[in-house]
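What follows is one structure encoded as structure tokens, with my remarks underneath.
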Amino acid sequence: MAGCSTWKKKGHIYGRNTNPTVEVFEEKIRLLEGAEAATSAATGMGIISSTLFALLAPGKRVVSAKDTYGGTNVIFTEFLPKFQIGVKLCDTTDHNQIEAEIAKGCDLLYLESPTNPTTKVVHLARLSKAGKAAGAIIVVDNTFATPINQNPLELGADLVLHSATKYLGGHADALGGVICGTKELVDRIYHFREINGATLHPMAADLLLRGMKTLDLRIQRQSSNAMAVASYLESHPAIERVFYPGLSSHDGHVIAKEQMKGFGGMLSFMLKENSLQAVSRFLPRLKFAHAAANLGSVETIVGPPATTSHVECTAAERSAMGIPESLIRYSTGIEDSADLIADLKQALQSF
Ligand SMILES: *Cc1c(COP(=O)(O)O)cnc(C)c1O
């Protein structure tokens, strides 16, 4: 390292700033997303907060949707307003409303598709075009789709980010976040992250790199398992409704078919018996699914938003967000789809 600390040579001078293992991880996502540059953080929220605080300033205005990830939503509703940054959260699938809000003035357009937990789909190319016309920086959270199934930069976004904790790592054993885009934007985000200190740990980067060796295989299997499970549930008499972008009954199916290469491993469904009590009778019967708040792992994970991702909300707030009390989020793993279906079948027997 001699010479690095006096700018004579390029190199790694301090772990909070850069690390060779972390750089390999960033480079891998950069290539998968077809971007000019990439930088990472300790968690998905680490990269999302670094991005918003690096790119925004008092007087700027963000346009986004109501259905963003819970933590992101807290930044929009609690933290950005403290810095006199305007935030407008639109109905997630009301593209006309989002376009109208963008036209009123938009410095940063923040999108997510498919969303959590009802897998709503937003038209990334259409909204990116509107964002561009208004001079906005367009940021897309691509965690649910992964770079295997969707590449937002090709659809007009300026930045694409991931919670690497989910599908990229894929084994529920490491946390991480990453963002890719133009060098100019990524450098600004890196500069903020280097100072706020939310650096990705090299050992986590190593675990994420190990997981990513099977990313493509896992996503193929998780997508086909999710399709099989969603189709089975849709035909089951005890099920009220299934939300999966791969189903032709899904509101966003046509858009998903246009912008995604596969429909991913996330689905959610409602029991006919619409109560948390019914959910708490149903979930313990599942033998092949772990009850947890995480998602995107090789094992199937289930959880009701009412007690996991949206536990901070009241029942009325969840209802206003379109999240029924008996909704169950199902993150499909890589098990045999016949086993998953047999498991659901026996668990649903008395409903
Ligand atoms: C989990 C998640 C995040 C936050 O990631 P962490 O690694 O938990 O900080 C952001 N966006 C989406 C869509 C997520 O699922």
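Under the condition of being more than 16 Å from residue 322 (Cβ to Cβ) and either in a loop (DSSP other than H, G, I, E, B) or not charged (D, E, K, R) (or both), the residues counted in the range 250-265 number 11. Pairs linking a residue in the range 301-328 that is assigned by TED's automatic domain parsing to the domain that holds residue 271 to a residue that is part of a loop (DSSP other than H, G, I, E, B) and hydroxyl-bearing (Ser, Thr, Tyr), with Cβ atoms under 8 Å and 6 or more positions apart or on different chains, are 303/309; 304/326; 322/118; 323/118; 325/275; 326/275; 327/118. Within the range 127-134, not a single residue is modelled with pLDDT of 95 or more and within 25 Å of residue 217 (Cβ to Cβ). The number of residues in the range 147-194 being out of contact with any His (no Cβ under 9 Å at 6 or more places or on another chain), in a loop (DSSP other than H, G, I, E, B) and more than 10 Å from the ligand (Cβ to nearest atom) comes to 9. Number of residues in the range 90-116 that are under 14 Å from the mean Cα position of the chain (by Cα) and part of a loop (DSSP other than H, G, I, E, B) equals 4. If you go through the range 9-28 and keep only what is within 14 Å of residue 164 (Cβ to Cβ) and either outside the structural domain of residue 162 (by TED's automatic domain parsing) or touching a residue at least 60 places away in the same chain (Cβ under 8 Å) (or both), you end up with 21, 22, 24, 25, 26, 28. Condition test on residue 65, is it touching a helix residue (DSSP H, G or I) at 6+ places or on another chain (Cβ under 9 Å) and within 16 Å of the ligand (Cβ to nearest atom)? It is true that residue 65 is touching a helix residue (DSSP H, G or I) at 6+ places or on another chain (Cβ under 9 Å) and within 16 Å of the ligand (Cβ to nearest atom).
Might you let me know whether the range 37-44 holds any residue that is free of Cβ contacts under 8 Å to residues at least 24 places away in the same chain and within 15 Å of the ligand (Cβ to nearest atom)? Scanning the range 37-44 turns up no residue that is free of Cβ contacts under 8 Å to residues at least 24 places away in the same chain and within 15 Å of the ligand (Cβ to nearest atom). Among the residues here, residue 34 does not qualify as under 30 Å from residue 209 (Cα atoms), away from the ligand (no atom under 16 Å from the Cβ) and more than 22 Å from the chain's Cα centre (by Cα).
Residues are listed down the side, and each one gets a yes or a no for (1) on the phi < 0 side of the Ramachandran plot; (2) among the aromatic types (Phe, Trp, Tyr); (3) over 18 Å from the mean Cα position of the chain (by Cα):
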residue: 8; (1), (2), (3): yes, no, yes
residue: 14; (1), (2), (3): yes, yes, yes
residue: 38; (1), (2), (3): yes, no, no
residue: 41; (1), (2), (3): yes, no, no
residue: 53; (1), (2), (3): yes, yes, yes
residue: 56; (1), (2), (3): yes, no, yes
residue: 62; (1), (2), (3): yes, no, yes
residue: 74; (1), (2), (3): yes, no, no
residue: 88; (1), (2), (3): yes, no, yes
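One residue alone among 72, 51 is touching a residue at least 60 places away in the same chain (Cβ under 8 Å), in a helix (DSSP H, G or I), touching an Asp or Glu at 6+ places or on another chain (Cβ under 9 Å) and not aliphatic (A, V, I, L, M), and that residue is 72.
Please state which one of 246, 252, 265, 296 is touching a Pro at 6+ places or on another chain (Cβ under 8 Å), at pLDDT 95 or above and not charged (D, E, K, R).
252
Yes/no per residue for (1) of a type outside the set (D, E, K, R); (2) surrounded by 13 or more Cβ atoms within 10 Å (Cβ to Cβ); (3) within 27 Å of residue 133 (Cβ to Cβ):
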{"site": "14", "(1), (2), (3)": "yes, no, no"}
{"site": "28", "(1), (2), (3)": "no, yes, no"}
{"site": "43", "(1), (2), (3)": "yes, yes, no"}
{"site": "54", "(1), (2), (3)": "yes, yes, yes"}
{"site": "84", "(1), (2), (3)": "yes, no, yes"}
{"site": "105", "(1), (2), (3)": "yes, yes, yes"}
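Sub-6 Å Cβ pairs linking a first residue in the range 113-135 that is in the same structural domain as residue 97 (by TED's automatic domain parsing) and among the hydrophobic types (A, V, I, L, M, F, W, C) to a second residue that is modelled with pLDDT of 95 or more and surrounded by fewer than 18 Cβ atoms within 10 Å (Cβ to Cβ), at least 6 apart or interchain, are 125/156, ordered by first then second residue.
In the range 294-309 there is at least one residue that is surrounded by fewer than 17 Cβ atoms within 10 Å (Cβ to Cβ) and within 17 Å of residue 275 (Cβ to Cβ).
The values are calculated or read from the model by the stated rules, or taken from the named source; none is laboratory data. Please read these numbers as outputs of a predicted model, since none were measured by experiment. Backbone-built Cβ (ideal geometry, glycine too); neighbour counts: all protein chains shown.
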